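Participant: Pasting in a structure now, in structure tokens, and then I'll have a few things to ask.
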Amino acid sequence: MKERLTAAMDKIGLPRLIIGLFLIVFCVGAAILKLPMSMLLSDMLVRFGMNAVLVLAMIPAIRAGTGLNFGLPLGVICGLIGAVVAIEYKFSGLTSFLVALGVSIPLAVLTGYLYGLLLNRIKGQEMVVGTYVGFSIVSGMCIFWLLAPFHNPEMVWAYGGTGLRNTITLESSFDKILNNFLAFNIGQVQIPTGLLLFFAFLCLLLWFFSRSKSGMAMHVAGSNPRFAQSCGINVNKMRILGTVLSTVLAAVGILVYNQSYGFLSLYNGPLMMAFPAAAAILIGGASLRRATIGHVIIGTFLFQSVLVVASPLFNVIVEGSFSEIFRGIISNGVILYALTTGREE
Amino acid sequence: MMAMKLELAKNSSVLTVRIRQKLIEMAVPLLFLVLCGIGAYFAQLSPVFLINEIIMRMARNPLLVLALIIPVVAGMGMNFAITLGAMAGQIGLIIITHYEINGITGLLVAALIATPFAVLFGYLTGKLLNRAKGKEMITSMIFGFFANYVWQLFFLAFVGSIIPMRNEKLILSTGVGLRNTIDLAGIRQSLDNLLKIQVVQGLSIPVSTLLVVALFCVLITFFMKTKLGQDIRAVGQNMEIARISGIDVDRVRIYAIIISTVLAAWGQLIWLQNIGTLNTYGSHVQVGLFAVAALLIGGASVTKATIWQVLLGTFLFHTLFIISPVAGRNLVGDAQIGEFFRVFVAYGVIAVTLLLHA
Amino acid sequence: MALLEFKNISKFYYGNQVLKNVSLTVHKGEIHGLVGENGAGKSTLMNILFGMPVIHLTGGYEGQIILEGVPVSFRSPAEAMAAGIGMVHQEFMLIPGFNVAENIKLNRENTRANLVSRILGPKLRTIDVRKNRADARRALDRLGMALDETVPVGGLPVGHMQFIEIAREIDKENSKVVVFDEPTAVLTESEAEQFLKAAQKLAAGGMGVLFISHRLDEIIKICDRITVLRDGEVVASLSRSEASVEKLAELMVGRKISRLTVAEKKSGSQKPILELINFSVDMPGERVEDLSLKIYEGEILGIGGLAGHGKIGIANGIMGLCPARGTVLKNGKQLPLGNPMRMLNEGMAFVSEDRRGVGLLTDESIELNIVVAAMQSQNRFLKRPLPFFTLEDRAAIREHALKMIRELDIRCLGPQQTVRSLSGGNQQKVCIARAITLSPDILFVSEPTRGIDIGAKRIVLDLLLKLNREMGVTVVMTSSELAELRAICNRIAIVYKGRLAGILEPTASDLDFGLMMAGEYEQRGAAQA
């Protein structure tokens, strides 16, 4: 009996188990404290949808063998540039979203390609190098945002300041453009249909890719580079492919995130974005070398839901921004767990 | 086997390799020297002010950077987890502030309290890093983030509620959580003032602190000549050979991190006694980043770090730190740019060095 | 008195007996040679002596080791070293960043007490640099080496490194027995000379020396007594006067062979399907130097030789897995090197010696492992629903996998089973299945039956024969097991020190094979002919 229990626990994985338990406990606590469950559920769905694409961005990186993409901020910045351009030229509604995508995706392809070249030179240290390359570019972009030749008064500092503001509203452009698309209610719970459909669409694309010749080649290159080489696969090329896809998904992901949130966060906003995304996929059961779409869905759902329920719960019990602390402990804790329990290569 | 022996034999031109290495080592500091020169020109600060600032920083910062040397020698790369050492030091300060122990005595008591915490934190870090061999740097970085959140959990949520504090002055107005800034007036400049020489108006030299820094330089040099120091060097060069020779590799690595963390704790104490204010939730956060950047700017790499590089790097990094905002303001009309620039430099130096040497 | 005695040592690895009642004695002041092919059991015997963990983890051993009259059983290399047994390894255990003295005294440095160490413990004692250097100097002098002990080891010539290792053994105070494992493998002639003299000096000083080598002429030169191991058994124990290079060679190799096929030798077309000219491969540990070889269409060519001499490097170099130089001609057409895809497209397939490392995706299914190479290089098993979009053709993959499973008799739960859980023999069949799926003209197989039990070995060899006879595939088989090469090959090429030492018929004498593998054929073998 004990063996079966431990075997089941091993299969589920420690992170999933712990977070799952937290979720159950919190939900029970929320019910006891008579918190509005329908609002919590609506929140869970929205938070799931808005974060899931960023987590999806981890998959190509892991599958190609470059580990967790801690250079995610690079893709995020491409997305932000796209959004800022869309607003600058006063696009609105769906058009603004499409323009943002249209600008960010090619930019992300180029950025991903260059970043991929870089990663090929430091095999084995992708995570730490990616982190600091990401950090430096974000800091460098701070200077850019300050000096950028943008003029739309919605974005620029008021009273004759130069440069863009820290947060820029999306009210006039693509705020909630996906969330509201075909949205409907089940009782008191709001379903952000467009958001979920968009995510599902991206999952489908990724799934088809993984079953294509290049997708398989990338997977093989990430699983066993020497085996891949013997099949004639160009491992370096596959790593770059994975990095490009990851960066593009990050760019798309931040646009999805921001349209739900309603604001763009420039300057140091993107700095730490890689970590919660990495934590989410790890919670979902992925490892540094293996990740599937299922991991993304489970992990994002568990992680975001726990945070959604924790926040009001903590506000009742404890004072202060405890949910932020909770999030930090969980995400970093999960990443530490993954770093220290990998198989020896 | 056979081929490895042949390849080793091919490295016959040791001299040219050495010269090339030296050039690469000096390239980064030289670049930053030039940058500082350019910045200084645009900043147009008064020489007395500049020199005073530089001397002050050469007194209060180096120990934090010295803390990084030993893990590098042990082959564990940049120890971003010196944040935990800084936190240990801060625990000491919070306690002496709570019990209102002032002056140099207060500082020494703080050090006494901080040390066992630092040893514990270093031990935990070391154990963690032993389970992540080959990925030490990213692990120490994430552990630093993690520890910071635990710190917040403890001092923001637990202190005042689960952990009662008698000294009301330290608690936030809500009754739970430590204040955001804590005035360290009691121990402010306590070390600096022990032996301070005022050269001219606006330029004073904290000789006592500089002597402490010099003392640690000597201690570290001495340490590397001991058996443990030699073992650390061996482990850093080649873990397998060290293991086969009978050295307890895992233990040695833990020692290295413990020493690093303790030095960081004391370093943070020296730093804070000069600043005079504890930013409860911020003072320890960027310790790792800035210390690593300073060390790398001094010409060190992931596999090699010397005391001279620590001193040179501290000098260059902090000079740039002082100059950038002012230069930014004079050049572009915005001090913000200067501030962004120096953070960009810190991150960028680390990214580039990792790229070149990892 | 016998200094070190191995008494009736037997060892089983997962049911395979690798050592059978091996007995060997080394006397004080004696240089005792130990020779045998790879796989004869020499390394296992040494692992037992040194208490390597792998021995204990796989069921221990039978028999006794007796050191100076006292039975001993070491549970770790540290214990063996403490008892006075030293080993000079094939891989250098030297730290390039340390100087000579530091390496010699590694973890045995002389130390002095100081103020701190009296308080905080012995680990903080100061290193006595002068004393260490003096000790090192003494050891080097005993070897007649004029090397400066303060020079960093990295950058020293290989020969010097070997001597530093010996100096380390000499410096150990209670050194009683030293084992030399292939010490002259990478030394030049003159360095080897110096080395042999140093070994003799050691023995003269009273130490017992166990000298493992494939260089039979050196063995004859300095060993007082010689033990020959073959297939885990002692086949001979000779004194120097009784031994000769030829005798040793013959003893090493000889065994009964059963040919798997009454060689109705395919009157091989005289057309070379593949030709190597001045071919060199940079494979760490298996370098190939300037090798020239013709492979004829429709034959089964064997490539043999001792480990580390390059036979494994040939196929890896041809297939582009390791950097290579020189010329490779297929049917007269020159092919570019370092391009695995091109080689696959030219009809060549490879089953690697590193089954789990290079040969398989261990966490993937059987069917994926079988089809992936063909999918990538020949665009097979793909559907094309839209231009530019390919999709794996699951049905075709499944069908093909089932066919392969049937034809090769792969024992498994189904095509979706993860390869990791298959037995070694079945894993090998999956690798071969992948190669067959490519429909190659030439199949390179390296170490086809390594790590496979006896029953499965036959099956794999039969499979290769079938491929050759029924499907006309030219097979190039690289193997450390001479027996299996002699069982199914038409010709056998022997590689020595990266070069082609010669080509023999499978029916050639044991002596010829032994001499060729030991590099003595040119000198002595030809004279016999």
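The values are calculated or read from the model by the stated rules, or taken from the named source; none is laboratory data. Treat the numbers as computed from the prediction; the structure is a model and nothing was measured. FYI the Cβ positions are ideal-geometry reconstructions off the backbone, even for glycines, and counts take in every protein chain you see. Just so you know, the surface numbers come from the protein's heavy atoms only, side chains and all, with ligands and any DNA or RNA stripped out. Shrake-Rupley method; radii C 1.70, N 1.55, O 1.52, S 1.80 Å.
Participant: Express the C-alpha Rg of chain A as a ratio against the empirical globular expectation 2.2 N^0.38 Å, rounded to two decimals. Mind dumping the intermediate values first?
Facilitator: Working: Rg = 20.5 Å, N = 345, 2.2 N^0.38 = 20.3 Å.
For chain A, the normalised Cα radius of gyration is 1.01.
Participant: Taking chain B as a Gaussian network, Cα atoms linked when under 10 Å apart, which of B:Lys169, B:Lys22, B:Lys127 shows the biggest mean-square fluctuation?
Facilitator: Result: B:Lys22 has the largest fluctuation of those listed.
Participant: Students often get this wrong: which residues of segment B:63-94 have the backbone nitrogen under 19 Å from the point 7 angstrom along Cα-to-C-beta of B:Leu195?
Facilitator: Residues B:63 fall inside that zone.
Participant: Could I ask something else about it? Hey, got a sec? Which chymotrypsin sites (Phe, Trp or Tyr not before Pro) in segment C:430-529 land in a DSSP loop and have at most 14 other Cβ atoms within 10 Å?
Facilitator: On the way: sites: C:Phe444, C:Tyr496, C:Phe513, C:Tyr521; in loops: none.
Hits after loop and neighbour filter: nothing returned.
Participant: Continuing with the same structure: Over all directions, what mean area does the Cα convex hull of segment B:144-256 project, stated in square nanometres?
Facilitator: Working: hull surface 49.8 nm².
For segment B:144-256, the mean projected area of the Cα convex hull comes to 12.4 nm².
Participant: Average partner chain C-beta neighbours within 10 Å, per residue of B:237-244?
Facilitator: Values: counts 6, 6, 0, 2, 10, 4, 2, 8.
Mean partner-chain Cβ count within 10 Å for B:237-244: 5.
Participant: Give me, ordered by chain and number, the residues 5 or more places off C:Ile273 or on other chains with an amide H under 5 Å from its own placed amide H.
Facilitator: C:Ile295, C:Tyr296, C:Glu297
Participant: Still on this structure, I have one more. Which pairs in the list C:Lys20/C:Lys457; B:Lys196/B:Lys304; B:Lys225/C:Lys172; C:Lys28/C:Lys123 are over 30 Å apart, alpha-carbon to alpha-carbon? List each step's numbers first, then the result.
Facilitator: Details: C:Lys20/C:Lys457 21 Å; B:Lys196/B:Lys304 34 Å; B:Lys225/C:Lys172 22 Å; C:Lys28/C:Lys123 36 Å.
The answer is B:Lys196/B:Lys304; C:Lys28/C:Lys123.
Participant: Between beta-carbons, use under 15 Å as the cut-off and find the net charge around A:Gln190, counting Lys and Arg +1, Asp and Glu -1.
Facilitator: On the way: positive: A:Arg47, A:Lys176; negative: A:Asp43.
Surrounding charge for A:Gln190 is +1.
Participant: Between A:Gly242, A:Gly29, A:Gly299, which gets the highest mean-square fluctuation from a Gaussian network model of chain A, Cα cutoff 10 Å?
Facilitator: Ranking A:Gly242, A:Gly29, A:Gly299 by mean-square fluctuation puts A:Gly29 first.
Participant: Assuming R0 = 41 Å, what is the FRET efficiency of B:Met165 and A:Asn166, from their Cβ-Cβ distance, to the nearest 0.05?
Facilitator: On the way: r = 35 Å, r/R0 = 0.85.
E(calc), rounded to 0.05, equals 0.70.
Participant: For A:Lys2, give me every one of the lysines with a C-alpha distance below 22 angstrom, ignoring sequence neighbours fewer than eight places off in its own chain.
Facilitator: Within reach: A:Lys11.
Participant: So how strong a dipole does segment C:95-153 carry about its Cα centre when Lys and Arg Cβ are +1 and Asp and Glu Cβ are -1, to the nearest 20 debye? Walk me through the numbers on the way to the answer.
Facilitator: Numbers: 12 positive and 7 negative charges, 68 e Å.
Dipole about the Cα centre, nearest 20: 320 debye.
Participant: Using a 1.4 angstrom probe on heavy atoms only, work out the carbon and sulfur share of the accessible area of segment C:355-439 in %. Before the final figure, lay out the partial values.
Facilitator: On the way: 1920 of 3760 Å².
That fraction is 51 percent.
Participant: Output wanted: per-residue J couplings in Hz (rounded whole) for segment A:258-268, from phi through Karplus 6.51 cos²θ - 1.76 cosθ + 1.60, θ = phi - 60°, x for Gly and Pro.
Facilitator: Coupling constants for segment A:258-268: 5, 5, 7, 6, x, 9, 9, 10, 8, 6, 8 Hz.
Participant: Another one. Could you tell me which of A:Ile105, C:Gly59, A:Met1 has its Cα farthest along the dipole of the protein assembly as shown towards the positive end, charges placed at Cβ (Lys, Arg +1; Asp, Glu -1), taken about the Cα centre?
Facilitator: A:Met1
Participant: So, one more: Please compare each pair in C:Lys330/C:Lys497; C:Lys247/C:Lys311; C:Lys429/C:Lys466; A:Lys34/A:Lys176; A:Lys213/C:Lys333 to a cut-off of 22 Å on the Cα-Cα distance and tell me which ones are over it. Don't jump to the answer; show the numbers that get you there.
Facilitator: Details: C:Lys330/C:Lys497 25 Å; C:Lys247/C:Lys311 25 Å; C:Lys429/C:Lys466 13 Å; A:Lys34/A:Lys176 29 Å; A:Lys213/C:Lys333 30 Å.
In this structure, C:Lys330/C:Lys497; C:Lys247/C:Lys311; A:Lys34/A:Lys176; A:Lys213/C:Lys333 lie more than 22 Å apart at Cα.
Participant: Compute for segment C:36-170: radius of gyration divided by Kirkwood radius, i.e. Rg/Rh, restricted to C-alpha atoms, rounded to two decimals. The partial results should precede the final answer.
Facilitator: Working: Rg = 18.1 Å, Rh = 17.2 Å.
Looking at segment C:36-170, the ratio lands at 1.05.
Participant: Where nothing but the Cβ of Lys and Arg (+1) and of Asp and Glu (-1) is charged, how large is the charge dipole of segment C:1-54 around its Cα centre, in debye to the nearest 20? Write out the running numbers ahead of the final one.
Facilitator: Working: 5 positive and 3 negative charges, 22 e Å.
The calculation lands at about 100 debye.
Participant: Here's another thing I want to ask about it. Would you please give the residues with an amide H less than 5 Å from that of C:Ile303, counting only those at least 5 places away or on a separate chain, with H modeled from the backbone geometry?
Facilitator: Excluding prolines and chain starts, which carry no amide H, the hits are C:Met477, C:Thr478, C:Ser479, C:Ala493.
Participant: I'm checking a number: the convex hull volume of the Cα atoms of segment C:29-91, normalised per residue, in Å³. What is it?
Facilitator: Working: hull volume 7.5 nm³, N = 63.
Given the Cα convex hull of segment C:29-91, per-residue volume reads 119 Å³.
Participant: Within segment C:1-40, which chymotrypsin sites (Phe, Trp or Tyr not before Pro) sit in a loop by DSSP and count at most 11 neighbouring Cβ atoms inside 10 Å? All intermediate terms of the calculation are to be shown ahead of the outcome.
Facilitator: Numbers: sites: C:Phe6, C:Phe12, C:Tyr13, C:Tyr14; in loops: C:Tyr14.
Here the sparse-neighbourhood loop sites are C:Tyr14.
Participant: Right, next: Just to confirm my numbers, what's the Cα centroid distance between segment A:286-338 and segment B:224-253 in Å?
Facilitator: If you average the Cα positions of each part, the centres end up 39 Å apart.
Participant: Ok, one more. Determine ³J(HN,Hα), in whole Hz, for all residues of segment C:191-204 in sequence, where each value follows from phi through the Karplus function 6.51 cos²θ - 1.76 cosθ + 1.60 and θ = phi - 60°; x replaces Gly and Pro.
Facilitator: Per residue, the Karplus-derived 3J(HN,Hα) values read 5, 4, 3, 4, 4, 4, 4, 4, 4, 5, 4, 4, 5, 4 Hz.
Participant: Could you report the buried accessible area between A and B, both sides summed, computed with a 1.4 Å probe and given in Å² to the nearest 100?
Facilitator: Working: alone 17210 and 18190 Å², together 32050 Å².
Buried surface at the A/B interface: approximately 3300 Å².
Participant: Moving on to the next point. How big, on average over all directions, is the shadow cast by the Cα convex hull of chain C, in nm²? Don't skip to the answer; put the middle values down first.
Facilitator: Details: hull surface 120.2 nm².
Dividing the Cα hull surface by four gives the mean projection, 30.1 nm².
Participant: Mind listing the long-range amide H neighbours of C:Ala501? Cut-off is under 5 Å, sequence gap 5 or more, other chains count too, H placed in the peptide plane at 1.01 Å from N.
Facilitator: Counting only residues 5 or more places away or on other chains, the set is C:Ile494, C:Val495, C:Tyr496.
Participant: Moving on. Where does segment C:95-153 land on Rg/Rh, using Cα atoms and the Kirkwood Rh? Walk me through the numbers before you get to the answer.
Facilitator: Numbers: Rg = 13.1 Å, Rh = 12.2 Å.
Here Rg/Rh amounts to 1.07.
Participant: Using Cα positions and a limit of under 12 Å, work out the aspartates and glutamates in reach of C:Lys271, with same-chain residues fewer than 8 apart set aside.
Facilitator: In chain and number order, the partners are C:Glu297, C:Glu299.
Participant: Mind checking which of A:Leu178, A:Leu17, A:Leu80 has the largest fluctuation in a GNM of chain A, springs on alpha carbons under 10 Å?
Facilitator: For chain A, modelled as a Gaussian network with Cα springs under 10 Å, the answer is A:Leu17.
Participant: To continue, here is another question. How large is the direction-averaged shadow of the alpha-carbon convex hull of segment C:355-439, in nm²? Write out the running numbers ahead of the final one.
Facilitator: Working: hull surface 21.8 nm².
That works out to 5.4 nm², a quarter of the Cα hull's surface.
Participant: For chain C, give the magnitude of the charge dipole about the Cα centre (Cβ charges: +1 Lys/Arg, -1 Asp/Glu; no others), in debye to the nearest 20.
Facilitator: 880 debye
Participant: Return the whole-Å distance between the Cα centroid of segment A:68-112 and the Cα centroid of segment A:175-224.
Facilitator: Measuring centre to centre over Cα atoms gives 18 Å.
Participant: Which residues of segment C:300-325 show a drop of at least 20 Å² in accessible area when all protein chains are present, compared with their chain alone (probe radius 1.4 Å, heavy atoms only, ligands and nucleic acids excluded)?
Facilitator: C:Gly308, C:Leu321
Participant: So which chymotrypsin sites (Phe, Trp or Tyr not before Pro) in segment C:346-423 pass both tests, a DSSP loop state and at most 16 other Cβ atoms within 10 Å of the Cβ?
Facilitator: Working: sites: C:Phe350, C:Phe381, C:Phe388, C:Phe389; in loops: C:Phe381, C:Phe388.
Filter output for segment C:346-423: C:Phe388.
Participant: Still on this structure: Roughly how many Å² is the accessible area per residue of the protein assembly as shown, as a whole number, for a 1.4 Å probe?
Facilitator: Numbers: 50720 Å² over 1232 residues.
In whole numbers, the protein assembly as shown has 41 Å² accessible per residue.
Participant: For segment C:357-398 and segment B:285-358, what is the centre-to-centre distance using only Cα atoms, to the nearest Å?
Facilitator: 50 Å
Participant: Remind me, relative contact order of chain A in percent, using alpha carbon pairs under 8 angstrom and six or more residues apart?
Facilitator: Result for chain A is 32 percent.
Participant: What quantity of accessible surface, computed with a 1.4 Å probe and excluding non-protein components, is buried in total between chains B and C, in Å² to the nearest 100?
Facilitator: Numbers: alone 18190 and 23840 Å², together 38910 Å².
Interface area, both chains combined: 3100 Å², rounded to the nearest 100.
Participant: Follow-up question, since we're still on this one. Tell me, what is the 1.4 Å probe accessible area of B:Ser46, in Å² to the nearest 10?
Facilitator: Roughly 60 Å² of B:Ser46 is accessible to a 1.4 Å probe.
Participant: Go through segment B:234-244 residue by residue and turn each phi into a ³J(HN,Hα) via Karplus (6.51, -1.76, 1.60, θ = phi - 60°); whole Hz please, and just put x for glycine and proline.
Facilitator: Running phi through 6.51 cos²θ - 1.76 cosθ + 1.60 with θ = phi - 60° gives 4, 4, x, 6, 7, 4, 4, 5, 4, 4, 5 Hz.
Participant: Can I ask one more? Under 13 Å from the Cβ of A:Ala217, count the other residues' Cβ atoms, weight Lys and Arg +1, Asp and Glu -1, and hand me the total. Walk me through the intermediate numbers first.
Facilitator: On the way: positive: A:Arg63, A:Arg211, A:Lys213, A:Lys237, A:Arg239; negative: C:Glu392.
Net of charged neighbours comes to +4.
Participant: While we're here: Based only on Cα atoms, what Rg/Rh ratio does segment B:286-358 have, Rh being taken as Kirkwood's radius? Before the final figure, lay out each step's value.
Facilitator: Working: Rg = 12.9 Å, Rh = 12.5 Å.
On the Cα set of segment B:286-358, Rg over Rh gives 1.03.
Participant: To continue, here is another question. Cross-link candidates for C:Lys383: which aspartates and glutamates have Cα within less than 17 Å, leaving aside residues fewer than 8 places away along the same chain?
Facilitator: Filter leaves C:Glu367, C:Glu392, C:Asp393, C:Glu399.
Participant: At 1.4 Å probe size, with no ligands or nucleic acids counted, give the accessible surface of C:Cys412 in Å², nearest ten.
Facilitator: Probe radius 1.4 Å; accessible area of C:Cys412 about 40 Å².
Participant: Ignoring solvent entirely, what values of log10 I(q)/I(0) come out of the Debye formula for the protein assembly as shown at 0.05, 0.08 Å⁻¹ when each Cα is a single scatterer?
Facilitator: Rounded to two decimals, the profile gives -0.44, -1.09.
Participant: When you look at the Cβ of every residue in A:328-338, what mean number of other chain Cβ atoms sits within 10 Å? Present the calculation step by step, with values, prior to reporting the outcome.
Facilitator: Working: counts 7, 8, 2, 4, 10, 6, 2, 7, 9, 0, 2.
Across A:328-338, the average partner-chain Cβ count within 10 Å equals 5.
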